[in-house]
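Each reported figure results from applying straightforward, stated rules to the coordinates on display, with no laboratory input. Computed from a predicted model, the values in this text were never measured in an experiment. No Cβ is skipped: glycine too gets one built from the backbone with ideal geometry, and neighbour counts run over all protein chains shown.
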Amino acid sequence: NVGIIEDDPSIRESVASLINSAAGFSCGEIFESVESAIENISRPPPDVLLMDINLGGMSGIEGVRRLKSIFPKMNILMLTVFEENDKIFQSLCAGASGYLLKRTPPAKILDAISEVLQGGAPMTASVARKVLSLFTSIAPPTIPDLHLTARESEILQHLVSGSSYKKISRDLFISFDTVNSHIKNIYEKLQVHSKTEAVAKALKHRLV
């Protein structure tokens, strides 16, 4: 189940039509503003929410922050025209699970929705390069030893590489529940609340 927040009617209709025409996908919640979504979104919310940045009223970046505070487990993918480093960084820090440009081919948008549901963090290729460049240019501040175990460090490395929870389970020959348990411990030690935050902190502080 996918939702959309987009203020351009033609784009809203186009993306909704794409999703509803794909097997296994549905798009029943469409909003033109963050304010409308906060007031009217279903409980429980959609599995994935596609969010524009440049919206009338509250921006999409602030919208991510607000919606994640209400629905911390909801996956939010940015779908926007903006490629600027600050927009990308602010979106990911606010809690977005991925970042796609509107020129992304329709099939890849559907792939990204599937990927984020499997624990991935999909990004348009040019955006992913910007993210890597951004983090490698930041000098890491010194932080105390977080006391990650060898297994937690190994799983964190897999998260940074973009692996889903299922892939980590297969690659490390451990159960899905065991992966979840380790990731909860990683989040607690890193003092983060999402995969995106964990990856950002790992890269910023060169933990992997």
Among P45, Q90, G63, the residue whose Cα sits farthest towards the positive end of the charge dipole of segment 33-90 (+1 at Cβ of Lys and Arg, -1 at Cβ of Asp and Glu, taken about the Cα centre) is P45
Within segment 41-167, what is the number of lysine pairs with alpha carbons under 27 Å apart, leaving out pairs fewer than eight places apart on the same chain? 21
What size of dipole, in debye to the nearest 20, comes out for segment 1-129 about its Cα centre when the only charges are +1 on Lys and Arg C-beta atoms and -1 on Asp and Glu C-beta atoms? 380 debye
Computed from these coordinates, which is mean projected area of the Cα convex hull in nm²: (1) 13.5; (2) 15.2; (3) 11.6? (3)
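Kirkwood-based Rg over Rh for segment 4-116 (C-alpha set), two decimals?
When Rh is taken as the Kirkwood radius, the ratio is 0.92.
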